[in-house]
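The structure appears right after this line, and notes come after that.
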Amino acid sequence: MMGSKSDWDVMQHCCLTLDEFGIPHEKRVLSAHRTPHAAAEFVSTGEARGLKVFIAAAGGAAHLAGVVAAHTILPVLGVPMESAALKGMDSLLSTVQMPAGIPVGTLAIGKAGATNAALLAVAILATSDAALREKLHAFRKSQTEKILATTL
Ligand code: RP5
């Protein structure tokens with residue numbers, strides 16, 4: 001989920017990473033403040049529709065991930081978007097500083113966070129999926145090999 005289509009340039013990296021692991025996913029623009037009822041409906045019906053993890057990206061006063069977490073017991077990963085005014089520091093603090101009781105696992109600001117949200121979702125799913133665990137091991141191995149093969 002993302003609060004605006006303007007988040008897609010960054011969040012496409014999340015979807016590309018999920019695609020790399022063959023993880024089916026839904027992607028929706030739903031906002032905590034612009035479409036509050038539709039966002040709540042989408043999330044609160046997610047568990048029954050078979051969803052396993054939510055990834056919520058938003059910028060500014062970024063309350064989307066917290067609102068998502070309020071409507072589900074599924075794991076919620078928050079990705080703070082870089083904002084024009086405060087470079088994403090506003091998004092980061094709004095997403096990460098959840099009061100006790102409703103957790104949001106918050107990733108880094110921007111593209112790194114978008115990619116890592118997907119990788120963390122894969123790791124969560126891999127705890128009960130041996131084939132996916134193997135793919136994750138292979139991904140890490142290949143990443144390591146690429147770095148070690150770097151020449152300057
Ligand atoms: C948030 O406001 C969105 O997640 C986006 O990061 C930010 C700006 O949205 P737009 O004004 O570009 O639609 O709700």
Query raised in the report: Cα extents of region 3-126 along the three principal axes, largest first, in whole Å?
Result: 37, 29, 27
Query raised in the report: How large is the charge dipole for region 51-139, taken about the Cα centre, if only the Cβ atoms of Lys, Arg (+1) and Asp, Glu (-1) carry charge, to the nearest 20 debye?
Result: 100
Requested in this report: In debye, nearest 20, what is the charge dipole magnitude of the chain about its Cα centre with +1 on Lys and Arg Cβ and -1 on Asp and Glu Cβ, if you could check?
Outcome: 120
Report summary line: Whole-Hz Karplus couplings 3J(HN,Hα) for region 122-136, θ = phi - 60° and coefficients 6.51, -1.76, 1.60, Gly and Pro as x, run 4, 4, 5, 5, 5, 5, 10, 8, 4, 5, 5, 4, 4, 4, 5
Report summary line: HN-Hα couplings for region 104-113 via Karplus (6.51, -1.76, 1.60; θ = phi - 60°), in whole Hz with x for Gly/Pro, come out as 10, x, 9, 9, 5, 5, x, 4, 4, x
Report task. Report the relative contact order of the chain, percent, no decimals, based on alpha-carbon pairs under 8 angstrom and at least 6 residues apart. Result -> 22
Query raised in the report: Across region 18-60, how large is the tail of the calculated P(r) beyond 17 Å, expressed as a percent of all Cα pairs?
Result: 37
Report task. Rounded to whole Hz and in sequence order, give me ³J(HN,Hα) for region 17-28 from the Karplus expression 6.51 cos²θ - 1.76 cosθ + 1.60, θ = phi - 60°, writing x for Gly and Pro. Result -> 5, 4, 4, 4, 9, x, 8, x, 8, 9, 10, 9
Report summary line: Each label sits 7 Å from Cα toward the beta-carbon; between residue 143 and residue 25 the label points are separated, in nm, by 1.4
Query raised in the report: Of 95, 106, 35, which has the largest mean-square fluctuation in a 10 Å C-alpha GNM of the chain?
Result: 35
Query raised in the report: If you put +1 on each Lys and Arg Cβ and -1 on each Asp and Glu Cβ, how big is the dipole of region 1-44 around its Cα centre, in Debye rounded to 20?
Result: 200
Query raised in the report: What residues have an amide H closer than 5 Å to that of residue 55, excluding those fewer than 5 places away on the same chain, when H is modeled at 1.01 Å from N in the peptide plane?
Result: 77
Query - Computed over region 60-152, Kirkwood Rh from alpha-carbon pairs, angstrom - result: 14.8
Report summary line: One finds, for residue 87 and residue 33 with R0 = 35 angstrom and r their Cβ-Cβ distance, a FRET efficiency to the nearest 0.05 of 0.95
Query - Structure-based [θ]222 nm, the chain - -39500 (n - 2.57) summed over DSSP H runs of at least 4, per residue, nearest 500 - result: -14500 deg cm²/dmol
Query raised in the report: Which residue, chosen from 130, 78, 38, occupies the Cα position most advanced towards the positive end of the dipole of the chain, where the dipole is computed from +1 (Lys, Arg) and -1 (Asp, Glu) charges on Cβ about the Cα centre?
Result: 130
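Just so you know, all these numbers are worked out from the coordinates, no wet-lab data involved. Just so we're clear, the structure is a prediction, and the values are computed from it rather than from any experiment. Here the Cβ is made from the backbone with ideal geometry for all residues, glycine too, and neighbour counts use every protein chain on show.
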